[in-house]
Every structure is written in structure tokens, then in C-alpha cells.
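Below is one structure, written out as C-alpha cells; the observations come after it.
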Amino acid sequence: MMTNLEHYLKNILNLKECFAISKKTGKVENCKRFNCEDCQFNVKEDCDDTCYQNVMLWMFEEYKPPISNLEYDILDYLYNNTKFRYIARDEAEWLYAYYEPPVKGTDCWEGGECYGTLELFGNLFKFVKWEDAKPTSIKEILDKREVMGDGNY
């Protein structure tokens, strides 16, 4: 597991000042030159009181790359309009959706009741890898991932 601190450390050190994480892009920004309303660490009106606490908690959380609006909308559609609940890549890097959690086999995921190829979207969902120990839950992504961007594709 990689923490947020491990993932962002080089960018944070390059700033040589306090930092913010943009809600829109997920990138490290200079806190002093950044609008508090656009910062991931600002959760209340009085940002000074909560900001540093949120930074400390965030640093040791597992790093989860943000997803694009397009990725979010595709997963939202799959979850709310089909029975697909999981996605996974096989060893050849093909992307599939499954009704039930499949089991990792020698070179592909097996079972999962019914599956469909998502190869049309194979260049998306880079966070889904063959090396993953378990399939990726669509619901967990929709519930927990930050969406980067402003709603446009």
C-alpha cells in the first residue's frame, strides 16, 4: 500500500512551502497562493482550524488516484443501469466487468457469474491492474474516489 505522502513527497518537497491539493486536478499546489475553497483539505468555513489536522490525516491514508469525469460516469452507468458490480484486467490488459466478484486465475479472472468486455474503454481506468489481488468494486470507486475535473470531458 502506498500512502498519499509517499506518492506526493517529491512534489511537496519541490514546493519548499506549505502545500494544498487541488480538488479539481488532484495536483500539489502552493497553499499560500491557492484559494482555500478549491483545496481538498478545506472542509469547513474556517480553513485555518481544520486544514493542518486534515493534512496530517491525509498523509497517512492509502493513495487512491482520482478518476476522470468520464470514468466516473461510465461506472455510474454500469452500476445503476446494469448488474455489473466489479471490474478487472486480465494478464493481456483487457478490461472486463463482472456481476459477481471473479477469482484470479493463471492469466485471467474466472467466475463472476457473467462478464462483459470493456475494451472500448481499455485506455481508461489505469488504476485497475492485472497485479491487483482482487477485482475492483464499482461501488467502492463511486463512493470513495475523488473525481478530477470540472464536469466536462
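The values are calculated or read from the model by the stated rules, or taken from the named source; none is laboratory data. As the structure is a computational prediction, the values presented were derived from the model and not from experiment. Here Cβ is always computed from backbone atoms with ideal geometry, including for glycine, and neighbour counts include all displayed protein chains.
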Quiz item: When ARG145 is evaluated against the numbered criteria (1) of a type in the set (D, E, K, R); (2) buried (at least 16 other Cβ atoms within 10 Å of the Cβ); (3) more than 26 Å from MET2 (Cβ to Cβ), which criterion, by number, is the only one it fails?
Solution: (3)
Quiz item: Considering the range 1-43 alone, what residues qualify as being in contact with a Phe, Trp or Tyr (Cβ under 8 Å, 6 or more places away or on another chain), among the polar types (S, T, N, Q), surrounded by 13 or more Cβ atoms within 10 Å (Cβ to Cβ) and not in a helix (DSSP H, G or I)?
Solution: THR3, SER22, GLN40
Quiz item: Would the range 68-80 turn up any residue that is modelled with pLDDT under 95 and over 22 Å from the mean Cα position of the chain (by Cα)?
Solution: no
Quiz item: With respect to the numbered conditions (1) surrounded by 14 or more Cβ atoms within 10 Å (Cβ to Cβ); (2) under 18 Å from the mean Cα position of the chain (by Cα), which one is the sole condition not fulfilled by ASN54?
Solution: (2)
Quiz item: Within the range 73-120, which residues are aromatic (Phe, Trp, Tyr), crowded, with 16+ Cβ neighbours inside 10 Å and within 29 Å of HIS7 (Cα to Cα)?
Solution: TYR86, TYR96, TRP109
